[in-house]
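Colleague: Structure in structure tokens, see below.
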Amino acid sequence: MLIFLGPPGAGKGTQARTVSEELGIPHISTGDILREASRKGTSLGKAARARMDVGELVPDDVMCGIVEERLNEPDVRDGAILDGFPRTLSQAQFLDRLLEQSGREPALLVNLHLEPQLVIKRLTGRRVCPKCGEIYNSFWHPPREEGVCDKDGARLFQRGDDNEEAIRKRLVAYERETMPLIDYYRHKNAVQDVDGEGDPAAITKRLLDFLKKRA
Ligand code: AMP
């Protein structure tokens, strides 16, 4: 099980999508699961949306329930990339227990590092395709036609939480709740550090090299 961790905008989603295709294992993004629930208007979606829009974390018990259910599906038997989970120590402990109980290998944390001053620029320029999930950036990876997905022509959207105020709160949540996980997994000798700055394709290549060596 691979965990992709990093501050908002470090490229977790972008890298997780490509690496999941390369390795042939599912990409599980808890943010995507919550956004989908919100689009469908379920009670989970509505409750989560209120927190997400202001950059706050959704409660641990809700998140652990979602992930437990997803990890019980058969496609996850040979591993998966977790993008956005765990985000707190208690989520990490829950995941460890779950993996152990189901006889699976312990998780490896891929720690994508990005300087905080780059975060805001990256996130305010981010645009996402609602159809295929491709992630664009008006500064680094613009679509050929503004606002339109290169792959399927769908109109790109900006996430509700990609505004400066929510981004600042997400950064605080990351530093306070999520960064301690790096030490937690470092003690288990289960961290792979990766520099998240620069060309996404070069980062993917570096990442795959590390992962293949580790396998
Ligand atoms: P992301 O797409 O990973 O940036 O997540 C977007 C938002 O979804 C976060 O800012 C949180 O509000 C919520 N969220 C996603 N995953 C989690 C999680 N593991 N724990 C708590 N909240 C989460």
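Colleague: Once you have the Cα-Cα distance between Glu146 and His113, take 0.36 nm times their residue separation minus that, and quote the gain in nm to one decimal.
Modeller: Values: separation 33, 0.36 × 33 = 11.88 nm, distance 2.89 nm.
Value of the extension gain: 9.0 nm.
Colleague: Taking a quarter of the surface of the convex hull around the Cα atoms of the chain, what do you get in nm²?
Modeller: Values: hull surface 45.5 nm².
Result: 11.4 nm².
Colleague: Can you give me the C-alpha center-to-center distance between the stretch 165-206 and the stretch 70-136, rounded to a whole angstrom?
Modeller: One Cα centre to the other: 10 Å.
Colleague: Still on this structure, please answer the following. What size of dipole, in debye to the nearest 20, comes out for the chain about its Cα centre when the only charges are +1 on Lys and Arg C-beta atoms and -1 on Asp and Glu C-beta atoms?
Modeller: Details: 33 positive and 35 negative charges, 45 e Å.
In total the dipole reaches around 220 debye.
Colleague: Viscosity 0.890 mPa s, temperature 25 °C: Stokes-Einstein D of the stretch 7-54 from its Kirkwood Cα radius, in µm² per second?
Modeller: Details: Rh = 11.9 Å.
Diffusion coefficient, whole number: 206 µm²/s.
Colleague: Arrange Ser43, Ser38 by Cβ neighbour counts within 10 Å, fewest through most, would you? Working shown, then result.
Modeller: Details: Ser43 8, Ser38 19.
Least to most surrounded, the residues fall as Ser43, Ser38.
Colleague: Under 17 Å from the Cα of Lys12, which lysines turn up, not counting those fewer than eight places away in the same chain?
Modeller: Lys121, Lys205
Colleague: Among DSSP bridges having both ends in the chain, what percentage is antiparallel? Round to the nearest 5. Don't jump to the answer; show the numbers that get you there.
Modeller: Numbers: 6 of 21 bridges.
Of all bridge pairs located within the chain, approximately 30 percent are antiparallel.
Colleague: Name the cysteines of the chain that stand alone by the Cβ rule: no other cysteine Cβ under 4.7 angstrom.
Modeller: Cys64, Cys132
Colleague: Determine which aspartates and glutamates satisfy two conditions relative to Lys188: a Cα distance under 16 Å, and not lying fewer than 8 residues away in the same chain.
Modeller: Straight-line reach from Lys188, under 16 Å: Asp96, Glu100, Glu105.
Colleague: Classify the stretch 142-215: rounded, prolate or oblate, from the alpha-carbon gyration tensor (a ≥ b ≥ c, eigenvalue square roots; a/c under 1.5 rounded; otherwise prolate if a/b is larger than b/c)? Don't jump to the answer; show the numbers that get you there.
Modeller: Numbers: a/c = 3.27, a/b = 1.34, b/c = 2.45.
Oblate.
Colleague: Just to compare against my own numbers: the Cα pair-distance distribution for the stretch 66-174, 10 Å bins, whole % per bin, please.
Modeller: For the stretch 66-174, the pair-distance distribution reads 12, 32, 30, 23, 3.
Taken together, the values in this text are just the output of simple stated rules run on the coordinates, not laboratory data. Keep in mind that what you see is a predicted model, and the values were worked out from it rather than measured. Here Cβ is always computed from backbone atoms with ideal geometry, including for glycine, and neighbour counts include all displayed protein chains.
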